[in-house]
1. So residue 57 ticks every box in (1) of a type in the set (Phe, Trp, Tyr); (2) open to solvent by 100 Å² or more (accessible area, probe 1.4 Å); (3) over 24 Å from residue 3 (Cβ atoms) but one. Which box is left unticked?
2. So which residues in region 141-173 are at pLDDT 85 or above, farther than 23 Å from residue 69 by Cα and of a type outside the set (Gly, Ala, Ser), if there are any at all?
3. Given the structure, is residue 22 open to solvent by 100 Å² or more (accessible area, probe 1.4 Å), free of Cβ contacts under 8 Å to residues at least 40 places away in the same chain and not basic (Lys, Arg)?
4. Suppose the filter is within 15 Å of the chain's Cα centre (by Cα) and charged (D, E, K, R); does residue 56 pass it?
5. Run down 161, 127, 135 and say which single residue is open to solvent by less than 60 Å² (accessible area, probe 1.4 Å), over 24 Å from residue 37 (Cβ atoms) and of a type in the set (Val, Ile, Thr).
6. Return the residue satisfying two criteria in turn: it lies in region 80-108 and is open to solvent by less than 80 Å² (accessible area, probe 1.4 Å) and among the basic types (Lys, Arg), and of such residues it is modelled with the highest pLDDT.
7. Out of all the residues in region 126-138, is one or more at pLDDT 85 or above, aliphatic (A, V, I, L, M) and out of contact with any His (no Cβ under 9 Å at 6 or more places or on another chain)?
8. Assess whether residue 146 counts as being surrounded by fewer than 14 Cβ atoms within 10 Å (Cβ to Cβ) and of a type outside the set (A, V, I, L, M).
Amino acid sequence: EERKVSPGDILNLTLKIYEYEDTEFFAQRTYYKSRHIDAMAYASSAEFLGREENAKFLYLPQYLAEGVKKRIEFLFESDAAAFVKSLILGDTEDISDDFRKDLRRTGLSHIVSVSGLHVSFLIGFIILFTKNKYIKLLTIPVMFCFAIMVGAPQSALRAVIMQTLVVLAGVRK
């Protein structure tokens, strides 16, 4: 029986682990090491054991990201949905190789990686609708939740830290 794995699921896996190897054509080990990936693993068997208690709460950012992805897929056709998911969440999994090459060739590949601009837009939108400086403090957990939703890339974390300081400075004055 095939089952979709969700955050909080407890599994018993039998894995075969392979280390990346550099070849004369591709520095695979170096490439993946720069992304903090040391090895690849293939599961030969998987057994579902149960769910972690309070999984929906503990993994709220991941569930929110999944909900946003599903909504985008509902609203847009497949190619457009892939692009919108990459713009909002940095999820480039469904982007075609041809489109990825086009983005690189035109120098626009940075628009599909989550950065400070995404965090600024999110917080700016929220702050736009509130005048109370203490309610603005609620943007801090929202920013951290967003950073976790998108996989916590360094660029997003740096932006969240800087925006947190901006919000705290605004409350302080």
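1. (3)
2. Once the filter is applied, which keeps residues that are at pLDDT 85 or above, farther than 23 Å from residue 69 by Cα and of a type outside the set (Gly, Ala, Ser), region 141-173 yields 158, 161, 162, 163, 164, 165, 166, 167, 168.
3. Taking the combined requirement at face value, the residue does not satisfy it.
4. no
5. None of the others qualify; the one that does is 127.
6. Residue satisfying both the conditions and the ranking: 85.
7. yes
8. Here the answer is no, as residue 146 does not meet what is asked.
The values are calculated or read from the model by the stated rules, or taken from the named source; none is laboratory data. Bear in mind that the values here come from a model prediction, so they are computed numbers and not experimental data. Cβ coordinates were reconstructed from backbone atoms using ideal geometry, including for glycine residues, and neighbour counts include every protein chain displayed. For the accessible areas, the whole protein counts, side chains as well, though only heavy atoms, and no ligand, DNA or RNA atoms are used. Shrake-Rupley method; radii C 1.70, N 1.55, O 1.52, S 1.80 Å.
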